Structures are given as structure tokens and as C-alpha cells.
């Protein structure tokens, strides 16, 4: 094992320990396994011999910052799959783009998470492509070639964050001001931890998740009404 991979695995093992301290068995949404791929295993699988050292160091540092941010801004998150995100980061073209990309995700986590005005409880809609699929379906002609974590989609999320904050400020019917510290749920289905876990495990088992983020190279699907599917399945489970 060369020095670069040794350093990367050390950093990823530390991130693994942080997550396991928070959640001893970090769950995967993969129907075929219970827990996620350890970060150190992602490093061993995707950091290739001859990789640009500066790019690898930037990618690993950025990835670990994303994990730290998710732990802080989404502490009640249930499914912690990072395979697709890790592969996306490690294959970016240059260190500056990689640094900016990772910082963009950290900023979005802060802007949408439980400590923000928006106060979403889970990363699942982002991680597993529900937000992306809904966005593509609104303009498939121009968006269907954009991948779930492409920078163009992240830019939309940043814009949407501003729009949601404005809606909240005006006490919008769907996005009102919240009187308590409870998380926000704008959907028609329950998102308590028990309901969230059960619903999304059912969706994954049925192949009804837009992005199988537990895979490094999944096939992303947008051309289903995933919001409607979740609502109908949730109603059946009550």
C-alpha cells in the first residue's frame, strides 16, 4: 500500500469511527445488506494507482467534511450510504473543482438541515435521488442527461433553498414558520423515524428508489412519480 493510499485510508477510518460512535450500526438502504460499505473500503476500491496526490487529498478531505457535516446537520438520519457520492467525488477532474464541489454539499447540508430555518430531518431525499427525480421530471428535455449529484442540480438546490426561506418568512401554507424545534415535513406521508425506515426499506425492496446510492455506479431513474409512489405506499402501511 503506497503512502497516499495509507494516508487516505487513515482519514477514512477516522470518519468511519466518528459515524459508528454516533450510530454503531449505520444502516444501508441496500435490500441485500444491513449496514453501509465502510468508508475505508470505498477508498481501497476507488483510489487507483497513479492517482493525482493533490486531487486524492482534496477529495478525501472534502468527503470527510461532508460526513462531519451530515452528522451535525442530520443527526437523526437513518440510511448512511455514501458509495455513489464517494465515487462522484473521487473522479472529479481537478483539485479546485473537487474542493468547491465538496464545499457546495457542506453548504447545502447546513442550509437545509435541522439547525437551519428549513429544518429537514433526513438526507434521504438528496442521497437517494428523490429531489433530483422530481426536478428532472419538471423539464426532462433539458435535464434528463444531468446526473443526480451533478453541479447543475446542486445549483438548483441552492436556489431552492433561498426560495424556501422566503416562503417560510411569509408563513406559506406548505412551508409555514415552525413554532417548535420539530423537523419540517412538507409531504403527505409520515416521516417519524419508524415510518421513514419502514417506508424506504419497502421502496428499496420493490426497486422504487430513483438512485441506488449504495452502488458506486447505479442507474438513476427519474421517469416515475416517486412522490406519489411514496404517498400511496405509506397509506397502505398505516
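Identify all residues within the stretch 27-52 that are assigned to a loop (DSSP other than H, G, I, E, B) and either farther than 14 Å from residue 85 by Cβ or at pLDDT below 95 (or both); write none if there are none.
Taking the stretch 27-52 as the starting set, the residues that turn out to be assigned to a loop (DSSP other than H, G, I, E, B) are 28-34, 36-38, 47-52.
Within the stretch 27-52, 30, 31, 32, 33, 34, 38, 47, 48, 49, 50, 51, 52 qualify.
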Q: Quick one: residue 145 ticks every box in (1) under 16 Å from residue 220 (Cβ atoms); (2) assigned to a loop (DSSP other than H, G, I, E, B); (3) touching a residue at least 12 places away in the same chain (Cβ under 8 Å) except a single one, so which number is it?
A: (3)
**Q.** Residue match in the stretch 148-166 (condition: surrounded by 17 or more Cβ atoms within 10 Å (Cβ to Cβ), outside any helix (DSSP H, G or I) and either at negative phi or in contact (Cβ under 8 Å) with a residue 40 or more places away in the chain (or both))
**A.** yes
Q) Across the stretch 26-61, which residue is surrounded by the most Cβ atoms within 10 Å (Cβ to Cβ) among those that are farther than 19 Å from residue 129 by Cβ and touching a strand residue (DSSP E or B) at 6+ places or on another chain (Cβ under 7 Å)? A) 26
Q | Search result, residues across the stretch 113-138 that are under 12 Å from the mean Cα position of the chain (by Cα) and in a helix (DSSP H, G or I) | A | 124, 125, 126, 127, 130, 131, 132
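The values are calculated or read from the model by the stated rules, or taken from the named source; none is laboratory data. Computed from a prediction, not measured in an experiment: that's the story for all the values here. Note: ideal-geometry Cβ built from the backbone for every residue, glycine included; neighbour counts use all protein chains shown.
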